[in-house]
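Shown next, in structure tokens, is the structure this report addresses.
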Amino acid sequence: EKLFEATRLPIDKQVVSVGFPQQRLLLAEPNTPLSALKIGKVDVLSLSATGGSSESASSSSTVASRPVEPRPVDLARTRFPIVDPELVDLGGFHREAVPGDNSCMFTAVIRSLQLKGITTRDLRGVVARTIEANPNRYTEAVLDKPPKKYVKWICQDSSWGGYIELSILAPHFGVQINTVEIMTGHFYRYPQEAPEDTPCVYLLHDDTHYDYIASRSLVDGSRVSVFSSGDLRVATAAKRVADDLRRNRQYTDLGGFTLQCQECFALVIGQHGAIEHSSLTGHSRFQEISSGL
């Protein structure tokens with residue numbers, strides 16, 4: 001009934017789905033409260049229209065009713081309103097720093113999307129459930145480890161998030177997540193293609209850490225970090241932020257450096273060595289050392 005009040009969509013035509021991939025919710029009663037359903041606080045609900053009940057056998061109509069094709073309601077746009085581009089300070093784009101821990105990617109997603117009451121563990125749970133629900137998509141070849149082991153690993157606070165997690169979280173929230181590599185200026189988009197009015201955010205990545213990009217409103221000076229994926233001016237401004245950071249060498253290049261684990265003092269080479277060591281041991285504190293040591 002609340003959905004009818006908000007959308008004017010008749011109750012018998014309402015189809016409510018949850019999660020990614022979407023699963024239809026079966027409501028025993030029209031007034032079933034959401035609290036009685038197994039819905040996580042970061043799960044996104046989708047409302048579609050269906051054909052509803054058919055005409056009764058006694059109807060005098062001789063023309064069969066044609067089912068209405070499902071028409072998803074744009075909940076993503078409602079959840080993440082986009083500020084009018086003309087009201088955003090294009091010269092005010094900058095890096096918003098997040099804590100330098102193993103959850104920085106998840107924190108950057110939460111803060112850039114301005115998710116309220118959501119934790120990094122909540123997002124790890126979204127990733128874990130999505131992998132478990134899609135065994136044919138998330139295979140050992142994709143995850144680089146057995147799915148069950150990966151699920152257990154990503155749920156640990158010491159595990160780093162990356163492109164797999166971003167590719168899951170973006171469709172879960174109905175947004176596009178862009179990452180800009182500081183060292184190269186390259187863009188990576190999740191998903192690669194999205195309608196121009198899709199809400200999007202920009203993360204900065206420097207091989208070992210994620211921050212995010214924001215600007216400010218010209219109206220009240222408030223922080224703005226959700227934009228339209230089709231706004232090329234924002235993409236240009238985001239690249240300019242990365243270029244400035246690279247020019248000033250405000251990044252960490254782990255590609256060919258020797259790192260020492262500060263917990264067991266093992267030596268590893270580059271980002272991949274650090275990630276592998278972290279996944280095997282749970283250690284997360286590394287320090288660059290000179291090649292002469």
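For this structure, a couple of remarks:
- Cβ-based exposure ranking for 264, 200, 155, 104, in which fewest neighbours within 10 Å come first: 264, 155, 104, 200
- Computed from backbone phi with θ = phi - 60° and the Karplus coefficients 6.51, -1.76 and 1.60, the 3J(HN,Hα) list for segment 127-133 is 4, 4, 5, 5, 5, 5, 7 Hz; x is used for glycine and proline.
- Rounded to the nearest Hz, the phi-derived 3J(HN,Hα) couplings of segment 217-224 under the Karplus curve 6.51 cos²θ - 1.76 cosθ + 1.60 (θ = phi - 60°) are 6, 6, 7, 10, x, 6, 5, 10, where x marks glycine and proline.
- Coordinate range along principal axes, alpha carbons of segment 80-182, Å, largest first: 47, 29, 27
- For segment 83-247, DSSP calls about 70 percent of its internal beta bridges antiparallel.
- Long-range HN-HN contacts of residue 96 with modeled amide H, under 5 Å: 212, 213, 214
- Cα gyration tensor shape for segment 139-280, rounded if a/c is under 1.5, else prolate or oblate: oblate
- Placing pseudo-labels 7 Å out from each Cα toward the beta carbon at residue 276 and residue 243 gives an inter-label distance of 3.7 nm.
We did not get these values from a lab; they are worked out from the coordinates using the rules stated. Every value quoted in this text rests on a predicted model; they were computed, and no experiment measured them. For neighbour counting, all protein chains shown are included, and Cβ atoms are generated from backbone atoms with ideal geometry for every residue, glycine included.
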